[in-house]
Structure formats: structure tokens, C-alpha cells
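Structure first, then comments.
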Amino acid sequence: MQLEEKITGYPSIDKPWLKYYSKEAIDAPLPECTMYEYIFDLNQDNLDHVAMNYYGSDITYREMFRQISIMAGTLERYGVKKGDVVTVCMVNAPETVCLMFALNKIGAVANMVYGASTSEELKKYITDVKSTLVFTLDMFQEKFVQIAEDAELKKVVVTNITESMSFANRIGARLFKGLRPKALPKDKRFCCWNKFFCDRFESTYTAHDPKAPAIITYTGGTTGGSKGAILSNIAVNATSQQYILSEGGLSRETTWMQVLPLFIAYGITCSLIITLAAGMKCVIRIPMADSIAELCKKFKPNYIIYGPAFWEKFADENENIDLSNLRATLCGGDTLRPNVEEKINRYLKRCGSPVPLLNGYAMTEIGAGGTLSYSYANKVGSVGIPLLKIIISIFDPNTGEELKYGQEGEVCIHAPSMMLGYVNNKEETDNIIRTHKDGLRWVHSGDLGYMDEDGFIYISGRLKRYFLYINEGIQKKIFSLDIEKVLIKHPYIDNCAVVPMDDSITCQVPVAYVIFKKEYRFSKQYEEEFIKYAEENLTGGYRPVKYFFVESFPLTAIGKVDYKELEKNNRIEDFGLNEKPNLPA
């Protein structure tokens, strides 16, 4: 579709990206139904097609909907009703998929939490939403034993990750991968999955409230620690439908790799829902357990999403693989440097891929939708163009004024997939979603960037402070504030700042800059006592790899701590260090 030449220079008015979309796609309505209704209605003529493949087991759409209905019936008889929040602490498996849709079918809300979270984090996620029913894996059950009393849990339903695998895969995983089922805790609140779902009566009720909450997933927002973002049915469906419309139709005969975790919005809206709404085969794998090369050789997928680090490793391995089957190689979750993108594209082309790497940009607060590159609209170095129903523009973070093409400022997004708000946190909700002078509500991303005259977005830095930590193949955002809150409690500390540094194994690691109170400065003993305290109270990716004791922090022009300058680490002498930090390679 060719639009008239821009007349203002302001992206929110000109919308230059719309020239890449057809008029039919632009005019097409977004679904106004629940998540369950969305995939159910679109597949009534597709029931015998394979919906999910899970380690040797094929599950058709007919069987998937039957399992959803059976689970919904059990949940109803247990007493779960519309608006109730049920916690799902699982990873990618058919049980997770069916449970999420079963809750949605009866109008309940799925509280999707990460099993590797600490017990205290899990307790907060559960008590904040008043969830008393939890579904989890046996590998996480001990954490719920620890918090069951304080969190006032009534029932914890436990399963094993191998249950839905084929017999051969299940035996192999239990014998050779250490995934044998664990004994249930001796606590009457704990129940095995098969016992809980022993009734086989299907639910006859389907809730219909498109604006109602559907899922809660956890993110950091632009400030502070992790928060629960409440996404409505409309928000979840809008993101996936925009992609389907933009692609011009997805073939039911194609295969999509579901490797993104289902406890993040990105994995639900930009992967699972797209696949099932389009009636495709969804190959479900334990998150990030396989390399891209392994998946491409074994399944020959048509669509696959991974983070930049995995795509770069794929190119560096440089295997000779036939990639002619690919239709979309999607990338998101972190900054992709242009030289790395070009290296990946050279490798894809050499292996016969008809498409380059297609980069995107997303936020949980907008249903994990935002921008995307397409085979017909792609520029190296950019994160693509806005999805067809989304408006993105750049605003001056100090004045709030909209900026023109090429000017750097804060990336802000107006979207139909906008979250309802954060759980029990109106202050942070109002901070990230603001009404501008144009009368529209905009999500403030906390990211710096600019837009070119064709509507392509370029991300140049972060206003929000977190770093990406990869452990056992799972990528997690760790928020600097969560570490700083622990460090600042020590009686010797006046202030501290935690910033990320690149690490070849875990992606990024935290480094702490610490200002002691005057009476404790310049004492090796006090420094050692503080480090001992920090290492006793912080674990895993939250534990800084290095501590630097400084007299002051570099400041921005408006007097705020200049975290970008700390990250640069090239002017250490300017703020009180005698030597440069010995940082990881």
C-alpha cells in the first residue's frame, strides 16, 4: 500500500511503516474474543491435524481441545471460577499449554511464574495475586514446600516433565537425563497431576469476556524490580493476529518451533498463540535445551525464534546444514549488533535460507509485540517496523515532546495489546503508561532509539536497568535494583550502583560500584566484611563478580547517576578508582 508522502516529519502522524502493509491487512479487524475462543474457532475444520509434537508424541487439535475441556471441568469442580488467579510454575510441555487454555476457557487467570525464581520471589508472586492453587513440576516442588504455609496455599498439583513424551523418549529422559519423577512431599496440600485430573468429564462452559485478564507474566518495567503485568485476552490475541495478517497467511502444513519459555509473554503471544491460531504444527521443546543446529537438522522447521546469542553461536558453529525450508528466522530479546547480524545472514544464505534473520523489538507491557522485520521490509541494524496496528514514535525524555526522524529519544508505543496494568502497583503502572497531549495512552519503553523516514526503529541504549543472564539455556532478566536493595541494607553502605558487563558464558554479569559511609572508607577489613555479607545474601546471577569501592558516581547533566558511563568503564580515575576493574572477558 502506498501512502501519500509524509507532510509533518512526525512518525505518529505520518506512519511511514504502513506503506509496507496491504490495505486488506490494515483494515482487517483484530479478534474480540478470549484466547481459548480464538484458537478453538479457527481450528474447527482442522481437528485431525497435529497441533503439538512433544518428544516423540503427536497431539492433534481434536485431542488438545478434549484435554483442555477435561482440565476445565476438573478446575470447575475444584471450585475455580471466573476471575480467580491460578499459579502455573511449569516449563514448555503439552500440560502447560492445555492448562493455560483450560483456565482461560472458564474465565480464570493464569499466573505464569518462573520455576528458577527464589522461594521468596515465588511467595511474592503468589500472595500478590491471592493465588491458593499452584500447578508445578516436581523439580520445583521443594520451593513450594518452603512457602506453602506463609503463602496460604490450599493445593499444589505436581507433575513430571516427561509425562507427555513418547514411551521411548520418556524412558530415555528418566534413565539418561536424570528426569526421574520425585516422590511427593509428605504434605496433604500436595497432589500428583494424574490424581487431580482423574475425572474425565468435559466442561460445557466457555467464558466470553475479551477485555478480562487472561495471563500474568513478570517483567521489570522501566524502573524497579520485577512486576506482574496483567494481559487481557484482547492483548494476547492482538499481537499474534497482527503477525498473521502481516505474513499474509500462514500455511497449516508448516512447522513452528516452540522453544521460547511459556512463562514469558514473548513465548505465549509471539510463538505459541500464532502457531495454534494459524493451525500449524507446534514442536514443543524444553526452553533453550537444544541448539538451533540440532533443531534444524532434526525437525527442518519453517519458523523458529531465538535470542541473538543463540543465532550468533549457530553461525559460529558453521555447520553445513540445508536451511532451504525456512520461511522466517526470528530474533528478539536483546540488541543485535549490525556486524553480528551480517555474519548470521551470510551463514543463512550460504546454507540456502530464502530469508535473512528478521529482528524484532517487544515488551511484556504491550503483549510482547512491538516491531518486526519481514522478508519484504528489512534493514540491517534496525529492529524492524511497527506491527500494523501499533503506533511507535520517539519522544524527548525530558520535555515529553515528540521528535522527528533521526532524532534520538525514548521509544514510546501505543498499542491495542497494551497491558491492563501491573499487579497491585498503580504508581508504576501510571509511570509507564502515560496520556500524551494527543490524547493517546503511550507505553514508555525506557529504551533510547530513533526512527528513520521509512519507519524502521533503531535501538541505541537502555534507560531501564537490567541485564540478561543465561543459566542452563534459560535467559532471565535480572534487575539491578533487586541487587542494590540487598547491598544497601549493609550498615557500612551509603550508596551503590550495579551495572552489567558482558560475559562469554552467561551473557552478562553484575558488577557493583559501592560508596561507603565516610567513617568506614578506606579500610580493607570493612571491604572484606561487606563482600562476605553480599556473597552470603546474593546467589547465582544476582551475585556481583567484582566490587569497586568509589567515593562518588559520575552524573548526567541533570544530576542523575550516569549508569551508561559506569558501563563504559573507560574513565575510572574520574570517580575515585585507583585502577580499572578486572572484568570478565
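A compact table of results
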item	result
Distance violations [Cα-Cα > 27 Å] among LYS476/LYS568; LYS130/LYS485; LYS155/LYS281; LYS81/LYS227	LYS155/LYS281
Normalised contact order of the stretch 58-210, rounded percent, pairs of Cα under 8 Å and 6 or more residues apart	29
Axial C-alpha extent at least 27 Å, average Kyte-Doolittle at least 1.6 - helices from the chain (DSSP)	none
Considering only the stretch 264-413, percent of DSSP beta bridges that pair antiparallel, nearest 5	60
Other-chain or far-sequence residues with amide H under 5 Å of LEU137's (modelled H)	THR159
Per-pair calculated FRET efficiency, R0 = 25 Å: VAL545 and LYS517 via Cβ, rounded to 0.05	0.55
Gap separating the Cα centres of the stretch 24-46 and the stretch 279-301, nearest whole Å	26
Distant-in-sequence amide H partners of LYS517 (H built 1.01 Å from N, under 5 Å)	ILE493, ASP494
Ranked packing of 265-271, 540-546, most packed first, by mean Cβ within 10 Å	265-271, 540-546
The chain, relative contact order [Cα under 8 Å, separation at least 6], %	12
Packing-based exposure ordering (other Cβ within 10 Å, fewest first) of ARG180, ARG62, ARG285	ARG180, ARG62, ARG285
Amide H contacts under 5 Å for GLY369, placed H, 5+ residues apart	MET363
³J(HN,Hα), Karplus 6.51/-1.76/1.60, whole Hz, each residue of the stretch 275-284, x for Gly, Pro	4, 6, 5, 7, x, 8, 8, 9, 8, 8
Gyration tensor verdict on the stretch 478-575 (Cα atoms; rounded if a/c is under 1.5, prolate if a/b is larger than b/c, oblate otherwise)	oblate
Gap separating the Cα centres of the stretch 83-124 and the stretch 444-522, nearest whole Å	28
In the stretch 457-507, trypsin sites (Lys or Arg not before Pro) in a DSSP loop with at most 11 other beta-carbon atoms within 10 Å	LYS489
Cα centroid of the stretch 320-357 to Cα centroid of the stretch 414-428, whole Å	34
Residue order, fewest to most surrounding Cβ atoms within 10 angstrom, among ILE292, ILE7, ILE215	ILE7, ILE292, ILE215
Whether the stretch 429-488 is rounded, prolate or oblate, judged on the alpha carbon gyration tensor where a/c under 1.5 counts as rounded	oblate
Global geometry of the stretch 58-210, whether rounded, prolate or oblate, following the gyration tensor of its Cα atoms and the 1.5 cut on a/c	oblate
Peptides 150-156, 308-314 ordered by average Cβ neighbours within 10 Å, highest first	308-314, 150-156
Exposure proxy ranking, count of Cβ atoms within 10 Å, fewest first, for GLU202, GLU402	GLU202, GLU402
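Read the figures in this text as sums done on the coordinates, not as results from a lab. In this text, all values refer to a predicted model and were calculated from it rather than measured experimentally. As a convention, Cβ positions derive from the backbone with ideal geometry for all residues, glycine included, and neighbour counts pool all protein chains shown.
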